[in-house]
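A short worksheet on the structure shown next.
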Amino acid sequence: MKIKVYSQDGKAKGEQEFKLRDDFKDVSPQVIHDAVTAYRAAQRSGSANTKTVAEVAGSGKKPWRQKGTGRARAGLVRSPIWRKGGVVFGPRPRDYSKDIPKQVKKLAFEQALSSRLQNGDVVVVETLDVKSPKTKEFVDLLRGLKVEGKALLIHDAPSENLRRASRNIAWLKSSPANEVNTYLILNCDKIVLTRSALEQLAARNASKEGQS
């Protein structure tokens, strides 16, 4: 597949060849669902926690003698039925991450990237840089490339000016080409990347392993 390459000012600079699989019709959409689910599950902190009887503060001494007081039997003040006592079967820190095969991750990434390229949602720029770290200058550059809505910037080695100019744009998310995943590819309206970043993505597609 040939992809058009533009300059920073939106003028056509040529085309870049990008190899795509053509057998995605035989691939179940479940692979993308699994990859996205695994990514989102890994973002969960799993930090909900309650203290058991062994963890709450309090003495282990028996509050009063077993018989003769007229009160109910009690063994310790940390009892779950007492105020400020331990919690029975409460939430504990857990790992929400899900494991999926590397082949499924790679296939999902290839399928997601292929669909975005074929739909014309990807803008490839020869080079991407700004003279100053001003956010407005970079926003004007993106508008000149007709990038609107939620966007993803894929780069290889951004300059300091580009990094600072793009970090404060609420509707733009940035990711290195070797770390971008299926979820980021799908969770945007437009994708902007440099020619060198596209070459890195092509190398990832050609490798045996991929990322979700």
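The values are calculated or read from the model by the stated rules, or taken from the named source; none is laboratory data. Everything quoted here is computed from the prediction, not taken from an experiment. Heads up, the Cβs are rebuilt from the backbone with ideal geometry, glycines too, and the neighbour counts pull from every protein chain shown.
Under 36 Å from the mean Cα position of the chain (by Cα), β-branched (Val, Ile, Thr) and in a loop (DSSP other than H, G, I, E, B), is that true of THR69?
The answer is no for THR69.
Would you be able to say whether some residue in segment 101-120 is aliphatic (A, V, I, L, M) and not in a helix (DSSP H, G or I)? Walk me through it before giving the result.
First, the residues of segment 101-120 that are aliphatic (A, V, I, L, M): 104, 107-108, 112-113, 117.
Pick out the ones that are also not in a helix (DSSP H, G or I) and you get none.
No, that holds for no residue.
Of all the helices (runs of 4 or more DSSP H) wholly in segment 135-212, which have at least 1 residues that are within 17 Å of ALA108 (Cβ to Cβ) and modelled with pLDDT of 90 or more? Spell out how you get there, then give the answer.
On the way: elements: 135-144, 160-166, 182-186, 195-206.
By residue number, 182-186.
Could you look through segment 85-109, keep only residues that are surrounded by 10 or more Cβ atoms within 10 Å (Cβ to Cβ) and without any contact (Cβ under 8 Å) to a residue 40 or more places away in the chain, and pick out the one that is farthest from ALA35 (Cα to Cα)?
It comes out as GLY85.
Mind listing whichever residues of segment 33-63 are surrounded by 13 or more Cβ atoms within 10 Å (Cβ to Cβ) and without any contact (Cβ under 8 Å) to a residue 40 or more places away in the chain?
LYS51, THR52, VAL53, VAL56, GLY58, PRO63
Which ones in segment 21-75 are basic (Lys, Arg), within 30 Å of THR182 (Cβ to Cβ) and either in the same structural domain as GLY85 (by TED's automatic domain parsing) or at pLDDT below 95 (or both)? Walk me through how you get there before you give the answer.
Of all residues in segment 21-75, those basic (Lys, Arg) come to 21, 25, 40, 44, 51, 61-62, 65, 67, 71, 73.
Subsequent filtering for residues that are within 30 Å of THR182 (Cβ to Cβ) retains 21, 25, 40, 44.
Selection gives ARG21, LYS25, ARG44.
Any residue that is touching a Pro at 6+ places or on another chain (Cβ under 6 Å), farther than 26 Å from ARG195 by Cα and not charged (D, E, K, R) - is there at least one of those in segment 12-31? Working first, answer last.
First, the residues of segment 12-31 that are touching a Pro at 6+ places or on another chain (Cβ under 6 Å): none.
Looking for residues that are touching a Pro at 6+ places or on another chain (Cβ under 6 Å), farther than 26 Å from ARG195 by Cα and not charged (D, E, K, R), one finds none in segment 12-31, hence no.
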